[in-house]
Amino acid sequence: MKRGEVNRFLVVLVSLVCVTFACSSYQAEKHYKKGVEYQKIGECDKALEEYSCSLQCDPQRIDARLGKASVYEKQALWNEAVSAYEEVLSADPAAVEAEYSLATIYNNLHKWDEAVNCYKNVVAKDPANAEAYYCLGSLYKKQQKHDMAMDAFTSAVQVDEGFSQAHYHLSLLYFVDGEFEEARKHAESAQKDYPQAYKLLSLIDEETKESKG
């Protein structure tokens with residue numbers, strides 16, 4: 001084959017590859033969008049089928065993998081959901097959404113250590129995620145890790161000053177420690193959106209009066 005013919009052959013080959021890739025990408029997007037629509041109306045089996053088809057056309061689609069995982073999670077198919085989210089993280093270690101969803105599943109299954117590790121990974125990847133800090137604090141509190149819970153709740157309110165639930169739990173921890181001024185400060189920050197804080201403020205007032213008396 002002459003040089004000119006070789007060049008023309010290569011041009012045609014590259015063109016065919018590009019067209020094939022474009023068609024695959026188009027089909028992958030088409031199936032993905034169908035999966036999203038089926039998921040919205042609760043047609044989980046059809047959604048899974050469409051997400052799988054999308055991945056067959058383009059195995060690199062993280063959104064389709066996330067779609068499959070979220071359908072499994074919605075169906076309470078925990079083992080399948082965990083495996084699917086782990087596949088997402090294997091393909092894209094920076095996928096915070098998958099890490100957070102895994103943490104939530106482990107939390108719901110009372111697998112505290114696994115949930116803690118996932119939430120720690122979330123805040124390592126996304127330090128501005130106040131909700132993850134709050135969840136981490138709640139888990140530490142369940143495990144009776146007082147100081148670690150306080151650190152996590154403190155991080156939550158540093159990221160989001162208006163996070164009433166985190167302020168409330170910080171107030172409780174300070175109250176237990178007998179640090180009533182700090183407890184009051186956080187209870188006051190919580191009371192606007194968290195009604196339980198009013199009762200806590202009353203308890204803080206009582207303890208403060210007794211300690212002064």
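Any idea what angle helix 146-159 forms with the longest principal axis of the chain, computed on alpha-carbon atoms, 0 to 90 degrees, nearest 10? So the inclination is approximately 70 degrees. Principal-axis analysis of the Cα atoms of the chain puts helix 196-212 at an angle of about 40° to the longest axis. Between A76, A95, A28, the GNM of the chain built on Cα springs shorter than 10 angstrom shows A76 fluctuating the most. Between 0 and 90 degrees, the angle of helix 78-91 with respect to the longest Cα principal axis of the chain falls at about 70 degrees.
When Rg and the Kirkwood Rh are both derived from Cα coordinates, the Rg/Rh ratio for the range 21-93 amounts to 0.97. 3J(HN,Hα) along the range 106-112, derived from phi through the Karplus expression 6.51 cos²θ - 1.76 cosθ + 1.60 where θ = phi - 60°, amounts to 4, 4, 5, 8, 6, 8, 4 Hz, with x in place of Gly and Pro. You can think of it this way: the chain between T154 and D177 has 6.8 nm of extra reach, that is 0.36 nm per residue less the Cα-Cα gap. Computed extension gain for E86 through S52, at 0.36 nm per residue and net of the alpha carbon distance, reaches 10.6 nm. Considering only the other residues whose Cβ falls under 15 Å of the Cβ of C53, what net charge follows from Lys and Arg at +1 and Asp and Glu at -1? Within the 15 Å Cβ shell, the charges total -1. Taking max minus min of the alpha-carbon positions on each principal axis, the chain gives extents of 102, 40, 30 Å, largest first.
Read the figures in this text as sums done on the coordinates, not as results from a lab. Computed from a predicted structure; not experimentally measured. Heads up, the Cβs are rebuilt from the backbone with ideal geometry, glycines too, and the neighbour counts pull from every protein chain shown.
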